[in-house]
């Protein structure tokens, strides 16, 4: 009786072993996918040689990969060459989103490019609309402070100034290089750039009310002539501030 039982058991064991070998050595298509192991089985050198498609016609998700442990959900790796196929591609053939990333954490994710640095790009796009909610720390390698400072400097560069004493001495200014009294109540203020197309204005800074007139000097594109006078219009030496807007 024991011999009759042992033979069927050995036969079943051998059949199971052969079935396992057949599955493990198969690297072709049309094999069932096995959970918890590498597909296809048989070692790292085994791989499918054609595309594996999972098709559905559903109003919900087509497939779902979820890890109920503390690990990740999915890894996609490839060995594509430069400008070749990407490791991951999501295409929406209608008008919905092509992708969506959601997290309960404080950081949505990271994009790392080998080596990093200013010559590497996190991504490119042909869309030129405003990205709602996007807060960029740098634009063209400049921070928001740099951009603001550059804008202020550019605006200031268009406003030239000079502070001149009644004796014709240049005490301070922006863009002004020299000043000189050429006659009673007449001053020439020289700037480091062409101001012939700019708009000059001057204000007498003395305590006595007076009058002032300004104009670009003919034949001298970097010079503004300022004329000062007392309250009755008589030419007198007066201190003044000069503003030239270009």
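Structural remarks
- One residue stands out in segment 157-175 among those that are closer than 11 Å to residue 246 by Cβ and out of contact with any strand residue (DSSP E or B) (no Cβ under 6 Å at 6 or more places or on another chain): the one that is modelled with the lowest pLDDT, namely 157.
- Looking across 145, 140, 150, one residue alone is on the phi > 0 side of the Ramachandran plot and exposed (fewer than 12 other Cβ atoms within 10 Å of the Cβ). It is 140.
- Those residues of segment 204-216 which are modelled with pLDDT of 90 or more and buried (at least 17 other Cβ atoms within 10 Å of the Cβ), in sequence order: 204, 211, 212, 214, 216
- Segment 176-192, residues that are loosely packed, with under 14 Cβ neighbours inside 10 Å and in a loop (DSSP other than H, G, I, E, B): 184, 192
- The number of residues in segment 139-166 being outside any loop (DSSP other than H, G, I, E, B) and without any contact (Cβ under 8 Å) to a residue 40 or more places away in the chain comes to 17.
- Residue check, residue 173 under 20 Å from residue 237 (Cβ atoms), assigned to a strand (DSSP E or B) and touching a residue at least 40 places away in the same chain (Cβ under 8 Å): yes
- Residue within segment 49-59 that is surrounded by 10 or more Cβ atoms within 10 Å (Cβ to Cβ) and either over 30 Å from residue 30 (Cβ atoms) or modelled with pLDDT of 90 or more (or both) present: no
- Qualifying position, being part of a strand (DSSP E or B), under 15 Å from residue 246 (Cα atoms) and under 47 Å from the mean Cα position of the chain (by Cα), among 200, 221: 200
- The condition of being modelled with pLDDT of 90 or more, loosely packed, with under 10 Cβ neighbours inside 10 Å and over 29 Å from residue 60 (Cα atoms) holds for only one of 110, 103, 128, 80, that being 80.
- Residue check for residue 228: assigned to a strand (DSSP E or B), at pLDDT 95 or above and surrounded by fewer than 17 Cβ atoms within 10 Å (Cβ to Cβ): no
- Failed condition for residue 133, given (1) over 30 Å from residue 143 (Cβ atoms); (2) loosely packed, with under 10 Cβ neighbours inside 10 Å: (1)
The values are calculated or read from the model by the stated rules, or taken from the named source; none is laboratory data. In this text the structure is predicted, and so the values were computed from the model without any measurement. In this analysis, Cβ positions are derived from the backbone assuming ideal geometry, glycine residues included, and neighbour counts consider all displayed protein chains.
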